[in-house]
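These notes concern the structure reproduced below.
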Amino acid sequence: MIICAATGNAAKLREIRRILAPRGFEVKSQKDLGISLEPEENGSTFRENARIKAQAICLASGLPTLADDSGLSVDILNGEPGVYSARYAGTHGDDEANNKKLLENLKGLSEEQRRAKFVCALCFYLPGGAHMTVEGECAGHIIETARGGNGFGYDPLFVADRIGLAGGGEGPNTQGLTTSEMEDWQKDAISHRGKALAMLEEKLAAFLEENQPAAGGLPITGVEKTLAFERNHKDDGDKLKRSLR
Ligand code: IMP
C-alpha cells in the first residue's frame, strides 16, 4: 500500500520507513509529493496533533496518510516538554537547545526523580475522513550527560528501561544504553514509535475492511452512482434492442 507520511522531520521519516517497509508499505514523504504545508499543531495532546496533521496532509495528498506526533514526558516536570518537545527551548527543532534546557530543569535530581517516557501518537487518515489513532510509549530516565551518535532529539539523554534483543523480542537494558547508543533495530523494538507502528499494523486490516470504499478511492455514494449508471445504460440498451426489433 502506498501511503503519505505527514512529516518534514527526516529522522522520523527514516524510522517510519525502516519499520513499515518490511511490512509492505511504500512510504512517500510530503517532500516526495511536493507538499510543503505545515499544519499548525495547536492541539493539547499528542493524539489531537497527530489527527490535525494527518487530516491536513491527507487532504493535500489524496493518499492514505500517516502522521506522527511524539515527544518526551518527564514525570517530575508534570509531563513537560510534552507536546512542546520539538520547541521546548523556543526554536522548533533545535535539539541541542532543547536538551540543554531539559538538563537545567533536572539539575541535582536523582535517577529515580528523572523518570520519563517517550510517547508517540499515530493517526492513519483515509481520503473520505475515516481515521484511527494509536499510541505507543517507551519508559526510561534522563541522564546527566549526553551519550551516543544515533537517533535524534532527546535520544542522547534517554536511557530506556528495555532494549531489542538479537534473537528477536526485547529485554532489560542492563548496559544502560541511551536510545542514541542503540543500534536502529535495538531502538525500534522498544521505542514509542516502534510500539505504535506495531499496534497500527495489528489493527489496520480490520480498519481497512470496515472503511474499504474510501480506501479503494470510491466513496459509497460513488460506487452506487456507478452501478446506477450501468443499470440505466443496460436499460437503454434493452430499449434500443426493442426499438430495433
Ligand atoms: P513533533 O514533530 O511535533 O512530533 O515533535 C517531536 C519532538 O519530540 C522531536 O523534535 C524530538 O525532540 C522529540 N522526539 C520524538 N520522538 C523522539 C525519539 O524517538 N527520540 C528522541 N526525541 C524524540
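The translational diffusion coefficient of the stretch 68-213, from Stokes-Einstein at 25 °C and 0.890 mPa s with a Kirkwood hydrodynamic radius over alpha carbon pairs, comes to 152 µm²/s. Pairs exceeding 21 Å between alpha-carbon atoms, taken from Lys31/Lys53; Lys31/Lys100; Lys12/Lys195; Lys117/Lys187; Lys31/Lys101: Lys31/Lys100; Lys31/Lys101.
Sorting the segments 182-188, 41-47 by their residues' average number of neighbouring beta-carbon atoms within 10 angstrom, most packed first, yields 182-188, 41-47. In this structure the amide hydrogen of Ile190, modeled in the peptide plane, comes within under 5 Å of the amide hydrogens of Gly164, none closer than 5 places in sequence on its chain. The HN-Hα couplings worked out from phi for the stretch 131-146 by the Karplus form 6.51 cos²θ - 1.76 cosθ + 1.60 (θ = phi - 60°) are 8, 9, 10, 10, 9, x, 10, 9, 8, x, 9, 9, 8, 8, 10, 4 Hz, whole numbers, x standing for Gly and Pro. Distances between every pair of Cα atoms in the chain, grouped in 10 Å steps from 0 to the bin holding the largest one, split as 7, 28, 29, 17, 8, 4, 3, 2, 1, 0 percent. With semi-axes defined as the square roots of five times the eigenvalues of the C-alpha gyration tensor, the equivalent ellipsoid of the stretch 75-140 measures 29, 16, 8 Å, largest first. Per-residue packing, averaged as other Cβ atoms within 10 Å, sorts the ranges 102-109, 62-69, 196-203 into the order 62-69, 196-203, 102-109, beginning with the highest.
No value in this document is a laboratory result; all are computed from the given coordinates. Keep in mind it's a predicted model, so treat the numbers as computed, not measured. All Cβ positions, even for glycine, are placed from backbone atoms using ideal geometry, and neighbour counts span all protein chains on display.
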